[in-house]
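> Sending over a structure as structure tokens; questions will come in a sec.
The values are calculated or read from the model by the stated rules, or taken from the named source; none is laboratory data. None of the values given here were measured: they were computed from a predicted structure. Here the Cβ positions follow ideal geometry from the backbone for every residue, glycine too, while neighbour counts run over all protein chains shown.
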Amino acid sequence: MFCLYKDDWHQGVIGILAARIRERYHRPAIIFAPGDEGIIKGSARSISGLHIRDILDVVATQNPKLIDKFGGHAMAAGLSMAESKLPEFIAAITTAITEQCDASIFQEKLLSDGALQRDELNLNSADQIRFAAPWGQHFPAPVFDNYFEIMQKRILKNAHVKLVLRLMENQEKTATTVDAIAFNVNLDEWPEQGAIVHLLYKLDVNEFRGVSSAQLMVDRLL
């Protein structure tokens with residue numbers, strides 16, 4: 001797992017950082033920021049199969065006075081403790097995870113609802129998915145995978161990729177094109193214009209200046 005602390009991190013962003021690390025590396029993450037009078041506060045994000053609140057409970061039970069306070073649920077939690085106890089905490093939670101969790105949970109499983117056909121990759125389909133919401137942890141939004149040709153590629157804020165894609169079917173180019181965006185990606189992994197890519201994505205509605213259109217929210221470059 002990732003357990004990180006810097007004395008100049010702000011409490012308002014550590015949850016976001018923990019979530020991004022979890023998403024990129026498929027590992028639980030606890031990120032700490034300084035609090036008051038030698039106390040640090042942590043925000044935890046977990047993966048399926050590792051109940052982070054229960055793991056913290058095991059650590060607290062086996063190591064009284066190590067954690068000052070904690071709370072949360074299966075996928076997210078918060079805690080506070082003395083900064084001086086951080087090395088002891090890292091050792092304790094590493095042991096707890098090793099003893100309580102099966103190693104197979106760290107092998108990420110990517111699930112897809114299949115490929116969309118050219119007559120499904122449109123605003124009408126995106127609207128139907130949106131109106132079927134709300135989606136949640138035990139009722140996830142549908143995820144699809146298709147092959148596309150990159151027709152246009154633009155980097156946003158040195159972290160995101162904005163794309164125009166052409167749908168491929170049976171290794172042949174179609175006339176169907178669609179916009180897509182991938183947030184917080186490793187830019188070095190993304191091919192240039194003209195490349196064929198296999199993407200795992202959600203179909204969403206993009207609204208810009210009063211105009212709605214279908215847009216792919218890219219989860220993974222496969």
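> Kindly list the number of the only condition in (1) closer than 15 Å to Asp204 by Cα; (2) touching a Leu at 6+ places or on another chain (Cβ under 8 Å) that fails for Asn158.
The single condition Asn158 does not satisfy is (1).
> Would you check if Glu120 is surrounded by 13 or more Cβ atoms within 10 Å (Cβ to Cβ), free of Cβ contacts under 8 Å to residues at least 60 places away in the same chain and under 24 Å from Gln215 (Cα atoms)?
It is true that Glu120 is surrounded by 13 or more Cβ atoms within 10 Å (Cβ to Cβ), free of Cβ contacts under 8 Å to residues at least 60 places away in the same chain and under 24 Å from Gln215 (Cα atoms).
> Further question on the same structure: Do we find a residue being among the charged types (D, E, K, R) and in contact with an Asp or Glu (Cβ under 9 Å, 6 or more places away or on another chain) anywhere in the range 195-209?
Yes, the conditions are met somewhere in the range 195-209.
> Residue check: is Ala82 in the same structural domain as His26 (by TED's automatic domain parsing), surrounded by fewer than 16 Cβ atoms within 10 Å (Cβ to Cβ) and at pLDDT 95 or above?
no
> To continue, here is another question. Being among the hydrophobic types (A, V, I, L, M, F, W, C), loosely packed, with under 12 Cβ neighbours inside 10 Å and more than 24 Å from Leu111 (Cα to Cα) narrows it down to one residue among Ala175, Ala159; which is it?
Ala175
> Those residues that are surrounded by fewer than 23 Cβ atoms within 10 Å (Cβ to Cβ) and within 15 Å of Thr94 (Cβ to Cβ), I need them from the range 6-54; list them, please.
Residues satisfying the conditions are Arg27, Leu50.
> Still on this structure, I have one more. Out of all the residues in the range 6-24, which are within 12 Å of Asn184 (Cα to Cα) and either modelled with pLDDT of 90 or more or among the β-branched types (Val, Ile, Thr) (or both)?
Passing the criteria: Ile16, Leu17, Ala19, Ile21.
> For a quick check of your reading: which strands (runs of 3 or more DSSP E) sit entirely within the range 159-212 and have at least 3 residues that are over 19 Å from Arg24 (Cβ atoms) and in contact with a Lys or Arg (Cβ under 7 Å, 6 or more places away or on another chain)?
Per the criteria, 160-169, 172-182.
> Regarding Ala126, is this residue without any contact (Cβ under 8 Å) to a residue 40 or more places away in the chain and buried (at least 17 other Cβ atoms within 10 Å of the Cβ)?
no
> Here is a list of conditions, (1) within 30 Å of Leu56 (Cβ to Cβ); (2) among the small types (Gly, Ala, Ser); (3) not in a loop (DSSP other than H, G, I, E, B), and Ala141 meets all of them except one; can you say which number that is?
(3) is the only condition that Ala141 fails.
> On to the next question. Looking at the structure I just gave you, is Ala96 under 22 Å from Ala214 (Cβ atoms) and in contact with a helix residue (DSSP H, G or I) (Cβ under 8 Å, 6 or more places away or on another chain)?
no
> Return the residue satisfying two criteria in turn: it lies in the range 178-206 and is surrounded by 13 or more Cβ atoms within 10 Å (Cβ to Cβ) and small (Gly, Ala, Ser), and of such residues it is nearest to Gln152 (Cα to Cα).
Ala180
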